[in-house]
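Some notes on the structure that comes next.
The values are calculated or read from the model by the stated rules, or taken from the named source; none is laboratory data. This is a predicted model, so every value here is computed, not measured. All Cβ positions, even for glycine, are placed from backbone atoms using ideal geometry, and neighbour counts span all protein chains on display.
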Amino acid sequence: MSLNIIAVIPARYEASRFPAKLMQDLCGKPVIIRTYEATVATGLFNRVLVATDSALIYNEVLAHGGQAVMSTKQHDCGSDRIAEAVEHIAVDLVINVQGDEPFTNKEDLEKLIAVFKNDAQHKIALASLMHLLHTQEDIENPNHVKVITNLAGNALYFSRSVIPYQRDTVVHTPVYKHIGIYAFRKEALLQFYRTPATPLELTEKIECIRYLEHGHSINMVITNRVSIGIDTQADLEKARLQWKLKEA
């Protein structure tokens, strides 16, 4: 099945935990440019677009030969920003690539796209990624959003708290980190955009909970690749070390 697929990178300048993080230097280029270039390099998309509220980011993307669009409205989450950007674009599938994920890779994105290519009945409207957390420090870190799924691999809940809670230490249930890369059918994305934020979404500050609170399914895809999302200065230092190893 042939799908018209685009990637959109939401790029808010004033991130609450690490303001201006997308413009921080990552071994010679800003984080947002590294993410944009990594997404383009996959060769999976008809178009890659940065959607931003910042003239600084907008001009930086254009200066590096990229495509960008300025948001005309104020948005509290990346998916809403993306929905505004694609509302009048003819597209089947929209991939939300987080601007602070410069190590976005082709293998993970192919796994997400395959979910929809194999879904002839259009039963899946939204899919996302998760990977296993290995250390207690990572499990307890509120910057790592955790996800639990049902037996069919659909998300039951997302939280910054530790889920599931390990009451019985004899049972070792894996803990998964949600990677904030989403694949939406366009109609589902626009439906999300037109739906007000929900109580649990606002409490946890996790946008995809809105989808769950309205009774919709999110198909979770496991990846073995460990991502480095840049939420803090420490994350940026880790990313710089990883980038140097990648380039060595």
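Among the residues of the range 69-89, those identified as of a type outside the set (D, E, K, R), under 16 Å from Thr52 (Cβ atoms) and surrounded by fewer than 21 Cβ atoms within 10 Å (Cβ to Cβ) are Val69, Met70, Ser71, Thr72, Gln74, His75, Cys77. Among the numbered conditions (1) within 20 Å of Ile82 (Cα to Cα); (2) among the basic types (Lys, Arg); (3) assigned to a strand (DSSP E or B), the only one that Arg210 does not meet is (3). Considering only the range 52-59, I want to know if a residue exists there that is out of contact with any strand residue (DSSP E or B) (no Cβ under 7 Å at 6 or more places or on another chain) and either under 24 Å from Ile113 (Cβ atoms) or acidic (Asp, Glu) (or both). Yes, the range 52-59 contains a residue that is out of contact with any strand residue (DSSP E or B) (no Cβ under 7 Å at 6 or more places or on another chain) and either under 24 Å from Ile113 (Cβ atoms) or acidic (Asp, Glu) (or both).
Filter the range 205-235 for residues that are over 30 Å from Leu245 (Cβ atoms) and more than 16 Å from the chain's Cα centre (by Cα) and give the result.
From the range 205-235, those over 30 Å from Leu245 (Cβ atoms) are 205-219; that's our starting set.
Selection gives Leu212, Glu213, His214, Gly215, His216, Ser217.
Is it fair to say Lys177 is surrounded by fewer than 16 Cβ atoms within 10 Å (Cβ to Cβ), touching a Lys or Arg at 6+ places or on another chain (Cβ under 9 Å), under 22 Å from Ile9 (Cβ atoms) and charged (D, E, K, R)? It would help to see each step written out before you state the result.
On the way: surrounded by fewer than 16 Cβ atoms within 10 Å (Cβ to Cβ): no; touching a Lys or Arg at 6+ places or on another chain (Cβ under 9 Å): yes; under 22 Å from Ile9 (Cβ atoms): yes; charged (D, E, K, R): yes.
Considered against the rule, which asks whether it is surrounded by fewer than 16 Cβ atoms within 10 Å (Cβ to Cβ), touching a Lys or Arg at 6+ places or on another chain (Cβ under 9 Å), under 22 Å from Ile9 (Cβ atoms) and charged (D, E, K, R), Lys177 comes out as no.
Quick check: anything in the range 193-206 touching a residue at least 40 places away in the same chain (Cβ under 8 Å), assigned to a helix (DSSP H, G or I) and out of contact with any helix residue (DSSP H, G or I) (no Cβ under 8 Å at 6 or more places or on another chain)? Within the range 193-206 (the criterion being touching a residue at least 40 places away in the same chain (Cβ under 8 Å), assigned to a helix (DSSP H, G or I) and out of contact with any helix residue (DSSP H, G or I) (no Cβ under 8 Å at 6 or more places or on another chain)), the answer is yes, since at least one residue qualifies.
Taking the range 25-44 as the range and being buried (at least 18 other Cβ atoms within 10 Å of the Cβ) and not in a helix (DSSP H, G or I) as the test, the residues that pass are Leu26, Pro30, Thr42. I'm checking my understanding of the structure. Among residues of the range 90-131 that are surrounded by 23 or more Cβ atoms within 10 Å (Cβ to Cβ) and polar (S, T, N, Q), which one is modelled with the lowest pLDDT? Per the stated criteria, the residue is Thr104. Here Arg194 clears all of (1) at pLDDT 90 or above; (2) surrounded by 13 or more Cβ atoms within 10 Å (Cβ to Cβ) except the condition numbered (2). When Asp53 is tested against (1) surrounded by fewer than 21 Cβ atoms within 10 Å (Cβ to Cβ); (2) touching a residue at least 60 places away in the same chain (Cβ under 8 Å); (3) of a type in the set (Asp, Glu), just one condition goes unmet, and that condition is (2).
Residues in the range 214-237 that are surrounded by 14 or more Cβ atoms within 10 Å (Cβ to Cβ) and of a type in the set (D, E, K, R): Asp231, Asp235. Strands (runs of 3 or more DSSP E) fully within the range 120-168 that include at least 3 residues being under 22 Å from Leu93 (Cβ atoms): 126-132.
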